[in-house]
Amino acid sequence: MKLSGADILCESLTRLGVREIFGYPGGAILPVYDALGKSKLHHVLVRHEQGATHMADGYARASGGIGVAMATSGPGATNMVTGIATAMLDSSPVVCITGQVSSKVLGSDAFQEIDITGITMPITKHNVVVTKAEDIARTLREAFLIANGGRPGPVLVDITKDAQQASAEFNWEA
């Protein structure tokens, strides 16, 4: 079936067993927030992005599962850094999802563009920028495997706005 990248993200998280997402909305992640309303996921609105990562960390510790935090690009993503570092130092499996500017303006110093993968490289087990809707499901599966594999820790998945808005075939079994 054909879904938007944002719908693919929500459906993938649901199939990965996620029930709670901690986050704060903003322009580059709004397509996902629109899709959340149609999903089975429960969103916990935080007052600051740093709180989202700390809550995801606490959720992972208390539940034994993987915590999920979400924020927009630019200052939203950079506000997550302290929580990501805490998860890394304390070996908590957390997946942080950030919105990013459209792929066609990456590297042009666009409004609220930030190299969050470069910033978080030393404090994540893995991080990746997703620029195509068809790569979202596979990338999330990998993120969850990496976050919980070996010594647990945080993984950051940065998804461009055009990837969230584009449509692609969704086949979870593929």
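Some points to look at:
- Only one of the numbered conditions (1) surrounded by fewer than 21 Cβ atoms within 10 Å (Cβ to Cβ); (2) without any contact (Cβ under 8 Å) to a residue 40 or more places away in the chain is violated by Pro25, and that is (2).
- Residues in segment 90-147 that are at pLDDT 95 or above and basic (Lys, Arg) were compared, and the one that is nearest to Ser73 (Cα to Cα) is Lys132.
- 1 or more residues touching a Lys or Arg at 6+ places or on another chain (Cβ under 8 Å): qualifying helices (runs of 4 or more DSSP H) within segment 105-174: 136-148, 161-165
- Some residue of segment 69-76 being aliphatic (A, V, I, L, M) and without any contact (Cβ under 8 Å) to a residue 24 or more places away in the chain: no
- Consider segment 29-77 and keep the residues that are assigned to a strand (DSSP E or B) and more than 14 Å from the chain's Cα centre (by Cα). The one that is surrounded by the most Cβ atoms within 10 Å (Cβ to Cβ) is Val44.
- Among the residues listed as Ala71, Ala28, Ala85, Ala60, the single one being modelled with pLDDT of 95 or more and under 18 Å from Glu142 (Cβ atoms): Ala60
- Taking every residue in segment 147-166 that is touching a residue at least 12 places away in the same chain (Cβ under 8 Å) and of a type in the set (Ser, Thr, Tyr) and pairing it with any residue that is surrounded by fewer than 22 Cβ atoms within 10 Å (Cβ to Cβ) and in a helix (DSSP H, G or I), at least 6 positions away or on another chain, the pairs with Cβ-Cβ distances below 8 Å are Thr160/Ser103.
The values are calculated or read from the model by the stated rules, or taken from the named source; none is laboratory data. Keep in mind it's a predicted model, so treat the numbers as computed, not measured. Positions of Cβ are backbone-derived with ideal geometry, glycine not excepted, and every protein chain shown enters the neighbour counts.
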